[in-house]
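**Q** Pasting a structure here, questions to come.
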Amino acid sequence: MHQFSYIDGDLHCEEVNLEEVAAQFGTPSYVYSAGTIRGNFQRLDRALQPLDHLICYAVKANSNIAVLDLLAREGAGFDIVSGGELFRVLKAGGRADRCTFAGVGKTAHEISYALQEGVYCFNVESEAELVRINEIAGSLGIIAPVAVRVNPDVDARTHKFISTGKSKNKFGIGIDRAADVYATAEALPHLRIRGIQTHIGSQILEAGPFAEAAGKLAALVSEIKSRHDIEFFSIGGGIGIVYDHALASGQPEWWTSTDHPHRITPEDYAAAIIPALAPLGLRILFEPGRFLVGNAGALLSTVQYVKSTPAKTFTIVDAAMNDLIRPALYEGWHEIVPLKESNGTPIPMDVVGPVCESGDFFAQDRALPPLAAGDRIALLSAGAYGFVMSSNYNSRPLLPEIIVDGSEALLIRRRQSFEDLIAGESIP
Ligand code: LLP
């Protein structure tokens, strides 16, 4: 569910007219719906009620401190992957003792920072990392809480760049080696074994792979529990969202219909995994990122030029691949809608940015209502892995972020200036 819809012909986010947001804050710009994020969190939390559980929001999906603050107030914990993300969580009023720290390459500096702040658990991905955490904990006189990330060798049936639970991926410890790695951890004096973790991938649109992972790991989790007295099992993140028909998916009837293949509801997800997870008698952690924030965001952009060649019509907009890289990197598909509702007959076009690369497109051969210079559009479902993956490529300033809550639109990150672009640089 989300709260983007046309009201009297103008696209709104909650009660706010996005034409007004574009006029006030300029384009390109990111807009998020606070109500959608809260609604998604509450709906998932409710579906998981049968389990003793904690939702640890995957900060990487959208790490603006206003978003983190909102989720902390809802009762979320956080799944972090860097010292920078921990810093953000703490600045936003989140608690370190509700943070899990994931990732294959934690540096000594990040480990020591997280230990001193008291994170709930390190999700460890190799024996070398266990040894490093043990050493640093010893030098600080702290006992480090650890879990091992187990790779269940399950096919998440998603894009190859975001599938993580196959044995050929760089993540985790193979299921057959996990018990040995736990024995290694047990023998290290400055570690305390706290849990077990897995994550099979992202943008997963079927419940099957989650059920398969939970089923495949249940016996191992019970064995580790009996040997090491663990308190949690984290099943990771990965719940997929609707990208096509994103606007329609905000409508309650559409969302609850059961015949659309491209969506998984929190209730489907919960029903698939609870049977395997409930009997474990452990606290179950979840690490959703995209599900909570993806459909809650849009990237607003203004058409600069329309260029027709014998081959194609190019609609050139002021946003670019540096602002939203998902189409270029993962062939990601984002619905594009005009801010002014249009009855024009759709024509095929490429929607492209100004960056000097052929990969700088948002849509190719997409049928959209005719657009002219000055028209504004929204790229939907851009709340997850949107702003956070942006860069200054082509010396383009990072975009502003705006959060809408009811009838209010508030700036939560200002647009970078040209001065910001060179801050920190010097000529020797
Ligand atoms: N937990 C771990 C250990 C992860 O690696 C990830 C995502 C998550 C949780 C959250 O997954 P989610 O619920 O958001 O699917 N940039 C890509 C997605 C990369 C996902 C990386 N790991 C994209 O734009 O599609």
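**Q** Return yes when PHE122 is buried (at least 19 other Cβ atoms within 10 Å of the Cβ), touching a helix residue (DSSP H, G or I) at 6+ places or on another chain (Cβ under 7 Å) and assigned by TED's automatic domain parsing to the domain that holds VAL221 and no when it is not.
**A** Against the criterion (buried (at least 19 other Cβ atoms within 10 Å of the Cβ), touching a helix residue (DSSP H, G or I) at 6+ places or on another chain (Cβ under 7 Å) and assigned by TED's automatic domain parsing to the domain that holds VAL221), PHE122 qualifies.
**Q** Any residue in the range 326-352 that's free of Cβ contacts under 8 Å to residues at least 24 places away in the same chain: show its pairings with residues that are aromatic (Phe, Trp, Tyr) and surrounded by fewer than 17 Cβ atoms within 10 Å (Cβ to Cβ) at Cβ separation under 9 Å, as long as the two are six or more apart or on different chains.
**A** The qualifying pairs do not exist here.
**Q** While we're on this one: For the range 365-403, which residues satisfy the criterion of being surrounded by 15 or more Cβ atoms within 10 Å (Cβ to Cβ) and either in the same structural domain as ARG38 (by TED's automatic domain parsing) or more than 29 Å from ALA423 (Cβ to Cβ) (or both)?
**A** Within the range 365-403, ARG366, LEU368, PRO369, PRO370, LEU371, ASP375, ARG376, ILE377, ALA378, LEU380, SER381 qualify.
**Q** Within the range 186-206, can one find any residue that is within 16 Å of the ligand (Cβ to nearest atom), acidic (Asp, Glu) and at pLDDT 90 or above?
**A** The answer is yes, given that some residue of the range 186-206 is within 16 Å of the ligand (Cβ to nearest atom), acidic (Asp, Glu) and at pLDDT 90 or above.
**Q** Being over 23 Å from ILE325 (Cα atoms), touching a Lys or Arg at 6+ places or on another chain (Cβ under 8 Å) and not hydrophobic (A, V, I, L, M, F, W, C) narrows it down to one residue among ASP52, ASP69, ASP97; which is it? Give the derivation first.
**A** Working: ASP69 fails: touching a Lys or Arg at 6+ places or on another chain (Cβ under 8 Å); ASP97 fails: touching a Lys or Arg at 6+ places or on another chain (Cβ under 8 Å).
Exactly one residue qualifies, and that residue is ASP52.
**Q** Among the listed residues GLU129, GLU135, GLU117, identify the single one that is within 16 Å of the ligand (Cβ to nearest atom), of a type in the set (D, E, K, R) and surrounded by fewer than 23 Cβ atoms within 10 Å (Cβ to Cβ).
**A** GLU129
**Q** Suppose we filter ALA409, ALA363, ALA382, ALA378 for residues that are in a loop (DSSP other than H, G, I, E, B) and aliphatic (A, V, I, L, M); which single one remains? It would help to see each step written out before you state the result.
**A** Values: ALA409 fails: in a loop (DSSP other than H, G, I, E, B); ALA363 fails: in a loop (DSSP other than H, G, I, E, B); ALA378 fails: in a loop (DSSP other than H, G, I, E, B).
Only one candidate qualifies: ALA382.
**Q** Continuing with the same structure: Of the residues SER29, SER82, which is modelled with pLDDT of 95 or more and buried (at least 24 other Cβ atoms within 10 Å of the Cβ)?
**A** SER29
**Q** Within the range 146-153, is there a residue that is crowded, with 21+ Cβ neighbours inside 10 Å and at pLDDT below 95?
**A** Yes - at least one qualifying residue is present in the range 146-153.
**Q** Ok, one more. When ALA23 is evaluated against the numbered criteria (1) assigned by TED's automatic domain parsing to the domain that holds ALA271; (2) among the small types (Gly, Ala, Ser); (3) surrounded by fewer than 16 Cβ atoms within 10 Å (Cβ to Cβ), which criterion, by number, is the only one it fails?
**A** Among (1) assigned by TED's automatic domain parsing to the domain that holds ALA271; (2) among the small types (Gly, Ala, Ser); (3) surrounded by fewer than 16 Cβ atoms within 10 Å (Cβ to Cβ), the lone unmet condition for ALA23 is (1).
**Q** Considering each residue of the range 197-235, count those that are at positive phi and small (Gly, Ala, Ser), and give that number.
**A** Residues that pass the stated criteria total 1.
**Q** Further question on the same structure: Need a quick list: strands (runs of 3 or more DSSP E) entirely within the range 68-136 having at least 2 residues that are without any contact (Cβ under 8 Å) to a residue 40 or more places away in the chain.
**A** Values: elements: 77-80, 99-101, 121-124.
In the range 68-136, the matching strands (runs of 3 or more DSSP E) lie at 77-80.
**Q** Can THR309 be described as within 30 Å of PHE387 (Cβ to Cβ) and over 23 Å from the mean Cα position of the chain (by Cα)? Reasoning before the result, please.
**A** Details: within 30 Å of PHE387 (Cβ to Cβ): no; over 23 Å from the mean Cα position of the chain (by Cα): yes.
The answer is no for THR309.
**Q** Just checking, how many residues over the range 1-29 are more than 16 Å from ASN295 (Cα to Cα) and small (Gly, Ala, Ser)?
**A** Total satisfying the criteria: 4.
**Q** Suppose we filter the range 207-246 for residues that are within 25 Å of HIS334 (Cα to Cα), within 16 Å of the ligand (Cβ to nearest atom) and in a loop (DSSP other than H, G, I, E, B); how many remain?
**A** 10
**Q** Of all the residues that make up the range 282-306, how many are touching a Ser or Thr at 6+ places or on another chain (Cβ under 9 Å), more than 16 Å from the ligand (Cβ to nearest atom) and in a loop (DSSP other than H, G, I, E, B)?
**A** The number of residues fulfilling the criteria is 0.
The values are calculated or read from the model by the stated rules, or taken from the named source; none is laboratory data. Quantities reported herein were computed from a predicted structural model and do not represent experimental measurements. Positions of Cβ are backbone-derived with ideal geometry, glycine not excepted, and every protein chain shown enters the neighbour counts.
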